[in-house]
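K.L.:
Here it is: the structure, laid out below.
The values are calculated or read from the model by the stated rules, or taken from the named source; none is laboratory data. Note that the structure is predicted; figures quoted are calculated from it, not measured. FYI the Cβ positions are ideal-geometry reconstructions off the backbone, even for glycines, and counts take in every protein chain you see. All accessible areas refer to the heavy atoms of the entire protein, side chains included, with ligands and DNA or RNA removed. Shrake-Rupley method; radii C 1.70, N 1.55, O 1.52, S 1.80 Å.
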Amino acid sequence: KKQKSSRMLTDDLSITDKRVLMWMRGFTSSNIESVPLENISSVEGNKGTLTGDVVFNVTGNLVRFRDMPRNDGLQAAEIIRKLLDKL
């Protein structure tokens, strides 16, 4: 899902039937993380006042994708849970 378009640098979260891809960009560097669905033991979506986020438990480590549009964290978590149920 596309992040806030009002920011100059945006991050991207993509969900496939095999993995979750996160591309986080900064002013001087970027980071791409690929998390296979089978490595995700739980996922939680959060809706804040202005933004949302999604938090994954990946082999005991929490991975957070932040600053999503307000409802997108909840929607992403629901999509990922449905994919995990099919594994």
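K.L.:
Tell me the per residue accessible area of the chain using a 1.4 Å probe; a whole number in Å² is fine.
P.N.:
Numbers: 5560 Å² over 87 residues.
On a per-residue basis, 64 Å².
K.L.:
Also, I was wondering about something else. How would Thr16, Thr10 line up by accessible area, probe 1.4 Å, largest first?
P.N.:
Details: Thr16 50, Thr10 20 Å².
So the residues, ranked largest to smallest area, are Thr16, Thr10.
K.L.:
Collect residues whose amide H, placed 1.01 Å from N in the peptide plane, falls under 5 Å from the amide H of Arg19; neighbours closer than 5 in sequence don't count.
P.N.:
When sequence neighbours closer than 5 places are left aside, the close amide H contacts are Leu37.
K.L.:
Now for a separate question. Give me the percent of accessible area attributable to carbon and sulfur for the chain, probe 1.4 angstrom.
P.N.:
Details: 2740 of 5560 Å².
Answer for the chain is 49 percent, counting heavy atoms of protein chains only.
K.L.:
To the nearest 20 Debye, how big is the dipole of the chain about its Cα centre, given +1 on the beta carbon of each Lys and Arg and -1 on that of each Asp and Glu? Could you put the intermediate results ahead of the total?
P.N.:
On the way: 14 positive and 11 negative charges, 47 e Å.
I would put it at about 220 debye.
K.L.:
Okay, next question. Would you compute the Debye intensity of the chain from its alpha-carbon atoms alone, equal scatterers and no solvent, and pass along log10 I(q)/I(0) at q = 0.15, 0.16, 0.18, 0.25 Å⁻¹ to two decimals?
P.N.:
Normalising to I(0) and taking log10 leaves -0.52, -0.59, -0.74, -1.32.
K.L.:
Starting with the highest mean, order 21-27, 72-78, 39-45 by the number of other Cβ atoms within 10 Å, averaged over the residues of each peptide.
P.N.:
Values: 21-27: 14.1, 72-78: 19.6, 39-45: 16.9.
Ranked by mean Cβ neighbours within 10 Å, highest first: 72-78, 39-45, 21-27.
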